[in-house]
Ligand code: FES
């Protein structure tokens, strides 16, 4: 049994939405998205500071547990950004990552977290503007959904 099943997800209705700053984790391939993020910085493109980038040698390196762990550790949204399809330096890493993202979306739905909090994007190292757009898109999307609170209690809290 996957340990994700033990999660208790609770909406935090009392949270002041005006104060909400989403935490977004971005798993970025070294060859494309990370380089695009770097280029965006060099070009002084503006994007939300809510994103924390994790550099990977290839998006094929990320697995379902790693994606779920990001949510468990407090991320409100997660995205995986890999090379364009057909341009992965490890042939099929981005295709595998896409399948894992789709699988984890199903797991998120099972534990009552909106699957839209997780997304996969493909871009090239020259697409700095697109990277900035992706960050803005994810930040807007997650801000509208609000925070997610995950407790690892074994029994549901009775209200
Ligand atoms: Fe970029 Fe595989 S090398 S996704």
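Where a number appears in this text, it was derived from the coordinates with a stated rule and is not lab data. In this text the structure is predicted, and so the values were computed from the model without any measurement. Cβ coordinates were reconstructed from backbone atoms using ideal geometry, including for glycine residues, and neighbour counts include every protein chain displayed.
Taking 0.36 nm per residue of sequence separation and subtracting the Cα-Cα distance, how much length would be gained by fully extending the chain between residue 21 and residue 112, in nm to one decimal?
30.7 nm
Using Cβ counts within 10 Å as a stand-in for footprinting exposure, how do 127, 145, 43 rank, fewest first?
Fewest to most other Cβ atoms nearby, the residues stand as 43, 145, 127.
If R0 is 30 Å, what FRET efficiency do you get for residue 99 and residue 45 from their C-beta distance, rounded to 0.05?
0.45
Which value in Å does the Kirkwood hydrodynamic radius of the stretch 21-145 take, with 1/r averaged over all unlike C-alpha pairs and then inverted?
Radius from the Kirkwood sum: 14.2 Å.
Suppose R0 equals 22 Å; then what is the FRET efficiency for residue 145 and residue 61 from their Cβ-Cβ distance, rounded to the nearest 0.05?
0.20
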